[in-house]
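Input: a single structure, listed below in structure tokens.
What follows is calculated from the coordinates using simple rules that are stated; it is not laboratory data. Just so we're clear, the structure is a prediction, and the values are computed from it rather than from any experiment. Because the Cβ atoms are built from the backbone with ideal geometry, glycine has one as well, and the counts that use them run over all protein chains shown.
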Amino acid sequence: MNEPRFIAGDWGTTHLRLFLCDADGTALDHRSGPGTVDSAGRFATVLASQTAAWETQHGRLPAVLCGMVGSSIGWVQAPYVPCPARPEQIAAACTAIDNGRVHIVPGLSCHNRFGAPDLLRGEETQLLGALSQLDPRQLVCLPGTHTKWVVVEEGQVRDFFTAPTGELFALLRDHSVLVRPPQGSDPATETQAFNKAVASVAAQPDAQILHRLFECRSRPLSADLPPTAAAAYLSGLLIASDVHGALRALSNTFAPSSVVLIGTPQLTKSYATACTTLGLHTTQIDGATAALAGLTEIHHRLS
């Protein structure tokens, strides 16, 4: 059996995922625990309880943590490294606690293409884990509650911007009259509705999303869309608009022919459908795998 060398952790708002890793970053065991919200004021205790069995068997091990654990609602507030940022800069800016045994990965900051300050935390680790799979100049999309569009050049994170696509979807689905809660769902019907929305955006890419959203109500009422598929149609409108808007924002300086999607398989699949329809080649990378690879990269640099 490979010898455990360090603990890797992705500590988000709602979940903690810990991995006991060998020197190459292979996960030998794993644990799940409470997120930062439920760990407030007791982060050291939570980490110790989750890793007690490992340390009883293998002794005290160094740990590298990423995610919201380094935010204002986390264990400590780790800094934001300004872009452009290279891997060695990110590793050097880790915040050491517990007498240097635990390191918390910093976030990234930039002034985005709209002239506004922008921030990310957690995605930097996924980007580090995926660097070896990227072209010298590569557009990367990390879909989620707050989708990140990132330009990577020659191994460094050049800049990025954020679209709150997932948050907007949840708000409109759960707190508006545009989409009524479905009484049942049919995956095939939902897929058709999503694809229909994506194709509609591709056919009229310059139409503002505000002028399209009411379709989520008018189409079911006009028998043009099953009521149970309205949420999927909304998702298609938002994701396709996000993709088109990102390409338009990049058009003055960068005309990518491909995009690397990093995230959960369900989300990257949806974004891949929209990207392909709008003319982009796609590569999908599992977000959890990328995060573990990124934590391993940082551990190696700290060691």
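List of remarks:
- Cα centroid of segment 242-303 to Cα centroid of segment 39-86, whole Å: 26
- Annotation for segment 93-186: GluC sites (Glu not before Pro) lying in DSSP loop with at most 12 further Cβ atoms inside 10 Å of their Cβ are E154.
- Most tightly packed first, judged by the mean number of other beta-carbon atoms within 10 Å of their residues, the peptides 17-24, 256-263 read 256-263, 17-24.
- Convex hull projection area averaged over all views, segment 33-92, Cα basis, nm²: 5.0
- Pair-distance distribution of the chain: all C-alpha pairs, bin width 20 Å, starting at 0; shares per bin in whole percent are 32, 52, 16, 0.
- Bins of 5 Å, starting at 0 and running to the largest distance - Cα pair percent for segment 21-134: 2, 10, 18, 22, 20, 15, 8, 4, 1, 0, 0
- In segment 58-116, the ratio of gyration radius to Kirkwood radius, Rg to Rh, stands at 1.07 when only Cα atoms are counted.
- Evaluated at q = 0.13, 0.15, 0.20, 0.22 Å⁻¹: base-10 log I(q)/I(0), Debye formula over Cα of segment 77-207: -0.73, -0.87, -1.15, -1.28
- Label-to-label distance, L302 versus Q57, with points set 7 angstrom from Cα along the beta-carbon direction: 2.2 nm.
- Rounded tilt (10° steps) of 165-175 against the dominant C-alpha axis of the chain: 60
- Segment 89-108 residues near the modelled H15 label - backbone nitrogen below 13 Å, point 7 Å along Cα→Cβ: none
- A DSSP coil position with no more than 15 other Cβ atoms inside 10 Å describes the following chymotrypsin sites (Phe, Trp or Tyr not before Pro) in segment 160-217: F214.
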